Amino acid sequence: MSFICLILSGAALLINGLGLLGRLNVRDSGYFNLLVGTLQLVLAVLTAAGAGGDTAVLLGAAGIVLFGLTYLYVGLNSLLALGSSGLGWFCGLVAVLALFYAASNLQQDPLLGVLWLSWAALWSLFFLILALGRTGLTAFTGWATVLTSQLTTTVPALLGLSGAWPAGWGAAATAAAVTGALFIAARVLARQP
């Protein structure tokens with residue numbers, strides 16, 4: 001189910017990135033985030049319920065919960081105008097936990113470790129904007145989210161679902177290089193008038 005959740009995350013991150021860039025109505029993205037967040041939380045509960053005490057499966061389900069709660073919180077924040085500070089601090093917590101996930105996956109699945117590092121970077125940007133008010137980073141964060149979302153979620157999900165998950169450090173290094181290049185491209189795009 002984690003691959004299905006990655007596809008859902010790819011869609012939500014794309015929508016949220018476009019929202020940060022002012023290209024989507026706040027209510028549209030709010031309802032979409034509620035839908036994705038709810039689906040992910042249901043899938044995480046189903047995964048955890050079927051884990052049979054397997055801590056690796058439970059750790060994966062907990063990661064899904066972090067994404068699901070983020071999208072649910074974004075949706076509620078958008079629709080109810082809650083103020084972004086609480087959401088921002090939650091994103092800061094997710095960024096720190098993503099570093100743990102990156103470290104715990106790096107040896108066994110280097111690609112997954114790199115993906116968690118990229119998500120830590122994105123959630124750190126959300127933290128800076130929403131909790132600390134660094135609104136000057138909004139365009140950069142929007143472009144970074146749009147550009148990296150599909151590479152770090154949808155593409156790996158489709159590879160995993162087709163049984164073609166790339167293993168080893170070569171795939172991880174390639175993913176890190178491409179993701180880094182996309183963050184640089186986001187910086188360039190954010191400077192465009």
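The values are calculated or read from the model by the stated rules, or taken from the named source; none is laboratory data. These numbers come from a predicted model, not from an experiment. Positions of Cβ are generated from backbone atoms using ideal geometry, with glycine treated the same way; all protein chains shown enter the neighbour counts. When the accessible area is computed, the model is the full protein with side chains, heavy atoms only, and any ligands, DNA or RNA have been set aside. Shrake-Rupley method; radii C 1.70, N 1.55, O 1.52, S 1.80 Å.
Some points to look at:
- In this structure, Ala48 qualifies as over 24 Å from Gly92 (Cβ atoms) and either within 14 Å of the chain's Cα centre (by Cα) or not basic (Lys, Arg) (or both).
- Single match in Arg27, Arg23 (criterion: under 30 Å from Pro193 (Cβ atoms), out of contact with any Pro (no Cβ under 7 Å at 6 or more places or on another chain), open to solvent by 70 Å² or more (accessible area, probe 1.4 Å) and assigned to a loop (DSSP other than H, G, I, E, B)): Arg23
- Number of the exception - Ala164 against (1) in a helix (DSSP H, G or I); (2) free of Cβ contacts under 8 Å to residues at least 12 places away in the same chain: (1)
- Unmet requirement for Leu41, which otherwise passes all of (1) in a helix (DSSP H, G or I); (2) surrounded by fewer than 16 Cβ atoms within 10 Å (Cβ to Cβ): (2)
- Annotation note: Cβ proximity below 9 Å between a residue of segment 55-81 that is without any contact (Cβ under 8 Å) to a residue 12 or more places away in the chain and a residue that is open to solvent by 60 Å² or more (accessible area, probe 1.4 Å) (sequence gap 6+ or interchain) occurs for Val57/Gly50; Ala81/Val26.
- Among the residues of segment 132-182, those identified as open to solvent by less than 20 Å² (accessible area, probe 1.4 Å) and either of a type in the set (S, T, N, Q) or under 30 Å from Pro193 (Cβ atoms) (or both) are Thr141, Gly142, Ala144, Thr145, Thr148, Ser149, Thr152, Thr153, Thr179.
- Selection status of Leu35, of a type outside the set (Gly, Ala, Ser) and assigned to a helix (DSSP H, G or I): yes
- As a summary of the residue check, Ser149 satisfies the conditions (1) out of contact with any Pro (no Cβ under 9 Å at 6 or more places or on another chain); (2) in a helix (DSSP H, G or I); (3) more than 21 Å from Arg23 (Cβ to Cβ); (4) in contact (Cβ under 8 Å) with a residue 24 or more places away in the chain except for the one numbered (3).
- The set of residues from segment 93-123 being surrounded by fewer than 18 Cβ atoms within 10 Å (Cβ to Cβ) and of a type outside the set (A, V, I, L, M, F, W, C) comprises Ser104, Gln107, Gln108.
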